[in-house]
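These notes concern the structure reproduced below.
The values are calculated or read from the model by the stated rules, or taken from the named source; none is laboratory data. Just so it is clear, the model here is predicted, and its values are computed rather than measured. Counting neighbours? That spans all protein chains shown, and the Cβs are built from the backbone with ideal geometry, glycine included.
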Amino acid sequence: MVPVVSFVGYHNAGKTTILEKVIGYFESQGYRVGVIKHSSRDFTIDVPNTDSYRLANAGAQAVVVSSPWKVAFYKQVQRDFSLEELCRLMPDDVDIVFAEGFKREPQPKIEVARQSVSRELIKPDNLIAMVTDFPVRQSEVPVFGFDEVESLCRYIQDKFMDGK
């Protein structure tokens with residue numbers, strides 16, 4: 001199975017910023033990366049007045065948009081899907097899946113925490129590393145600063161990629 005690693009943390013802690021850099025690193029190393037983002041808020045992936053938006057607003061329960069460059073699929077759902085269920089939607093040709101959010105799921109997690117955003121760490125189950133500016137005196141997992149993304153990536157690569 002493809003490795004799945006979640007980046008978790010409070011809102012505005014820098015998860016997306018770190019994840020952008022991690023994705024860039026893995027892509028530069030020749031890996032194919034999949035990403036799943038969890039949102040606790042409702043969201044729109046389409047722009048008003050586009051055809052797919054109009055068709056979804058007309059009542060379509062599922063919409064697929066296809067072009068020679070990409071395919072997008074979305075559908076109306078009645079519940080929040082688990083990370084495992086969402087991973088099954090990933091194509092078979094990705095080497096690793098990074099998730100943003102999903103702090104209650106069992107997959108390995110990297111906590112991203114900034115002192116300016118919160119007063120405490122989340123410390124989720126299955127924590128494998130932290131990216132933080134909190135002073136951490138003792139930790140059972142590696143701790144990286146926000147400027148140590150390449151070291152974080154090498155750690156992920158060593159832990160999950162089996163020397164690919």
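Is there a residue being surrounded by 18 or more Cβ atoms within 10 Å (Cβ to Cβ) and either basic (Lys, Arg) or assigned to a strand (DSSP E or B) (or both) anywhere in region 78-96? Scanning region 78-96 turns up at least one residue that is surrounded by 18 or more Cβ atoms within 10 Å (Cβ to Cβ) and either basic (Lys, Arg) or assigned to a strand (DSSP E or B) (or both). Within the bounds of region 37-47, is there any residue that is surrounded by fewer than 17 Cβ atoms within 10 Å (Cβ to Cβ), of a type outside the set (Asp, Glu), at pLDDT 85 or above and within 21 Å of Val117 (Cβ to Cβ)? Within region 37-47, one or more residues are surrounded by fewer than 17 Cβ atoms within 10 Å (Cβ to Cβ), of a type outside the set (Asp, Glu), at pLDDT 85 or above and within 21 Å of Val117 (Cβ to Cβ).
Checking each residue of region 25-35 against the condition of being under 30 Å from Arg104 (Cα atoms), among the basic types (Lys, Arg) and in a loop (DSSP other than H, G, I, E, B) gives at least one match. When residues in region 97-117 are screened for being in a loop (DSSP other than H, G, I, E, B), touching a residue at least 40 places away in the same chain (Cβ under 8 Å) and either of a type outside the set (Lys, Arg) or under 19 Å from Asp158 (Cβ atoms) (or both), 6 of them pass.
The residues in region 102-122 that are farther than 21 Å from Asp80 by Cα and surrounded by 16 or more Cβ atoms within 10 Å (Cβ to Cβ) can be counted, and the count is 7. Taken over region 132-164, the criterion of being over 22 Å from Ala99 (Cβ atoms) and among the basic types (Lys, Arg) is satisfied by Arg137 alone.
Do you know which of the residues in region 44-62 that are part of a helix (DSSP H, G or I) and over 20 Å from Gln78 (Cα atoms) is nearest to the chain's Cα centre (by Cα)? Applying the filter and picking the extreme gives Ser52. Looking only at region 144-159, residues that are among the β-branched types (Val, Ile, Thr) and either surrounded by fewer than 16 Cβ atoms within 10 Å (Cβ to Cβ) or in contact with a Lys or Arg (Cβ under 7 Å, 6 or more places away or on another chain) (or both) come to 1 in all. Summed over region 118-164, the residues that are in contact (Cβ under 8 Å) with a residue 60 or more places away in the chain and farther than 19 Å from Val22 by Cβ give a count of 1.
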